[in-house]
């Protein structure tokens, strides 16, 4: 089915058919619906990946449906210890019995850090008390910089965790393999890789191209359209030397990011025209893109990478309306009422709606 959608995207982009104009919707009602969906389905104590999305959107005081703090469930129930003594590592498995735990490397630690959980916060585990600082230390000692396509697609969450827990003056350490990790060099390489992945869109923007075929190429081959990688590349912009090195490139990438809102909206509109039978799946993917896009745009504004000019604010308002329109369509399709069905029959749709309702709610809240 996903391949059919991809083919529809590619085929319709090449026809040059005009994009529809997004209708207005109630942004406030959309945010309420999304926050409710996030609150309801991200509190499942059996799905720590969902809990992670919940705490980043709703805060570290979020409680799982069993009454425990979500952060306690995430760590106490799912962390695994490898080794003994000072050399022990504390990690989270990618999944447990087909339940996503840490499907992207260090997703859980990143969510805890981004939710402002203090690093000295202690969790009870079967092996005794464990502080978030020890989890961060395990991430650092286990990290190897071995760039490849798979590395870049799967380590944005690791890079976010490392950037948010490390200052420039403490950016070098020895991992458990005896290698020296220089985080400044790693994040410099991340900026360069993002630039490479976006170069085809940068060229299209310079040429005034309105339609770019979307065939899972470059940045579009990454999870969530590579928007986590965008955040990771510039997560260290609060560090003076890194900012001095990369400010000009960051602003170029902001231009590409705003360009993506327009061209990807056209792609989804045209795909829906070509394959209306996939309306639900396309709306779920729209929610993923718009929510991640708005969240990323606001994250980069918080880092001082774009000014609230009338043009930029118009794009933010457009993204908010696009989320509202998407929510309106999902509600008409009964998405909220069908969550139990999706969980049992369309598992990926269920997981997408849980995670992406949280992302979109976060983006709407940040852009009010």
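The values are calculated or read from the model by the stated rules, or taken from the named source; none is laboratory data. Remember, it's a predicted structure, so these values are computed and weren't measured experimentally. Positions of Cβ are generated from backbone atoms using ideal geometry, with glycine treated the same way; all protein chains shown enter the neighbour counts.
Residue 362 fulfils the conditions (1) over 17 Å from the mean Cα position of the chain (by Cα); (2) at pLDDT 95 or above except for a single criterion, (1).
If you go through segment 32-49 and keep only what is without any contact (Cβ under 8 Å) to a residue 40 or more places away in the chain and either within 14 Å of residue 68 (Cβ to Cβ) or part of a loop (DSSP other than H, G, I, E, B) (or both), you end up with 43, 44, 45.
Considering the conditions (1) surrounded by fewer than 19 Cβ atoms within 10 Å (Cβ to Cβ); (2) in contact with a strand residue (DSSP E or B) (Cβ under 7 Å, 6 or more places away or on another chain); (3) not in a loop (DSSP other than H, G, I, E, B), residue 153 is excluded by exactly one of them, (2).
Test residue 130 against the stated conditions and say whether it is buried (at least 17 other Cβ atoms within 10 Å of the Cβ) and either part of a helix (DSSP H, G or I) or free of Cβ contacts under 8 Å to residues at least 24 places away in the same chain (or both). No; evaluated as a whole, the condition is false for this residue.
On the basis of being buried (at least 19 other Cβ atoms within 10 Å of the Cβ), more than 20 Å from residue 349 (Cβ to Cβ) and touching a helix residue (DSSP H, G or I) at 6+ places or on another chain (Cβ under 8 Å), does residue 124 make the cut? So residue 124 does not fit the description; no. Among the residues of segment 156-182, the one identified as without any contact (Cβ under 8 Å) to a residue 40 or more places away in the chain, part of a loop (DSSP other than H, G, I, E, B) and within 22 Å of the chain's Cα centre (by Cα) is 166. Please work out if residue 303 is in contact with a helix residue (DSSP H, G or I) (Cβ under 9 Å, 6 or more places away or on another chain) and crowded, with 20+ Cβ neighbours inside 10 Å. Criteria not met by residue 303. Here segment 239-252 is the region considered, the condition is being crowded, with 19+ Cβ neighbours inside 10 Å and touching a residue at least 60 places away in the same chain (Cβ under 8 Å), and the residue that is farthest from residue 192 (Cα to Cα) is 239. Screening residue 63 against (1) surrounded by 15 or more Cβ atoms within 10 Å (Cβ to Cβ); (2) touching a residue at least 24 places away in the same chain (Cβ under 8 Å) leaves a single unmet condition, (2). Taken over segment 74-89, the criterion of being free of Cβ contacts under 8 Å to residues at least 40 places away in the same chain, out of contact with any strand residue (DSSP E or B) (no Cβ under 9 Å at 6 or more places or on another chain) and either part of a helix (DSSP H, G or I) or at positive phi (or both) is satisfied by 85, 86. Considering 51, 37, the condition of being over 17 Å from residue 125 (Cβ atoms) and either crowded, with 17+ Cβ neighbours inside 10 Å or modelled with pLDDT under 95 (or both) is satisfied by 37 alone. For residue 108, indicate whether it is over 19 Å from residue 222 (Cβ atoms), surrounded by fewer than 20 Cβ atoms within 10 Å (Cβ to Cβ), touching a helix residue (DSSP H, G or I) at 6+ places or on another chain (Cβ under 7 Å) and at pLDDT 95 or above. So residue 108 fails the test. Does segment 14-23 contain any residue that is in contact with a helix residue (DSSP H, G or I) (Cβ under 8 Å, 6 or more places away or on another chain) and at pLDDT 60 or above? No: zero hits.
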